[in-house]
Amino acid sequence: MEFDAVVLAGGGSTRFGGVDKAMLVLDGVTLLDRVLTATADAAQTVVVGPVRTTYRGVDWTVEDPPAGGPVAGLAAGLQRGTAPVVVVVSCDLPWLTKDDVTALVDGLGEYDGYGLRDASGQEQRLAAAYRRTALVDAIQRAGDPRDKSVRRTLAGLNLSWTDPTRAGDDVDTWADLDD
């Protein structure tokens, strides 16, 4: 099934002391490029955040105004692409693979979204495949997307989740890279 990818890479990385988390290197590859490798089969990929050097060409956009949070970033990213399915991922998922992305798209079934659980069982709304129409409708219902909670914005969607997997583990602190 055809899908687009929206990669959120515009956060402030405050728990990293302002270091650009997207450009952190793990095993010789930036976190952003690791996610772009996992989503390489997308019909169109848009990265929401400042333009950076990446291993493959992507479209770039930023939320208006910048630093509006992940829902605002998602709203900006959804302005690009037309595929009926959108894989939404944050740039800090270094263990995400193409197989994981394929499983998300294939597992969507009749749900509005199908996402990863991290290794601890936490649902990762920013590591999921969604029906574009359901996602757009949820964001429109939220009104101004700036500083909105992703969990609350997507609360009305019919979502399903994988079993816990390392692919859903994000990197929020330096210690997360050491795992």
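The values are calculated or read from the model by the stated rules, or taken from the named source; none is laboratory data. All of these numbers come straight from a predicted model, not from anything done at the bench. Methodologically, a virtual Cβ is constructed for each residue, glycine included, from the backbone with ideal geometry; neighbour enumeration extends over all protein chains shown. For accessibility, only protein heavy atoms count, side chains too; no ligands or nucleic acids. Shrake-Rupley method; radii C 1.70, N 1.55, O 1.52, S 1.80 Å.
Points worth noting:
- A simple rule links phi to the HN-Hα coupling: the Karplus curve 6.51 cos²θ - 1.76 cosθ + 1.60 with θ = phi - 60°, which for segment 39-54 gives 9, 4, 7, 5, 5, 9, 10, 10, 9, 9, x, x, 5, 9, 7, 10 Hz, with x for Gly and Pro.
- Overall Cα dimensions of segment 48-120, principal axis frame, Å, largest first: 34, 27, 26
- Relative contact order, whole percent, for segment 3-72 stands at 37, derived from Cα pairs under 8 Å and 6 or more residues apart.
- Projecting the alpha carbon convex hull of the chain along each direction and taking the average yields 9.2 nm².
- Neighbours of residue 132 by Cβ distance under 12 Å: Lys/Arg scored +1, Asp/Glu scored -1, total -2.
- Trypsin sites (Lys or Arg not before Pro) restricted to DSSP loop in segment 1-81 with at most 13 other C-beta within 10 Å: 56
- Here r is the Cβ-Cβ distance between residue 158 and residue 51 and R0 is 35 Å; the resulting FRET efficiency, rounded to 0.05, is 0.50.
- Selection from 128, 68, 6, by position along the positive dipole direction of the chain (Cβ): 68
- Per residue, the solvent-accessible area of the chain (1.4 Å probe, heavy atoms of protein chains only, all protein chains present) comes to 46 Å².
- Between residue 43 and residue 1, the simple label model (points 7 Å from Cα in the Cβ direction) yields a spacing of 1.3 nm.
- Per-pair calculated FRET efficiency, R0 = 35 Å: residue 79 and residue 119 via Cβ, rounded to 0.05: 0.60
- Extension gain (nm, one decimal) between residue 146 and residue 26, 0.36 nm per residue minus Cα-Cα: 40.1 nm
- Structural descriptor for the chain: relative contact order 25 percent, calculated from alpha carbon pairs under 8 angstrom and at least 6 residues apart.
- Relative to one another, the C-alpha centroids of segment 82-146 and segment 24-56 are positioned 17 Å apart.
- Descending semi-axes in Å of segment 119-164, equivalent ellipsoid built from Cα gyration tensor: 21, 13, 8
- Surface composition of the chain: carbon plus sulfur atoms hold 48% of the accessible area, using a 1.4 angstrom probe and ignoring ligands, DNA and RNA.
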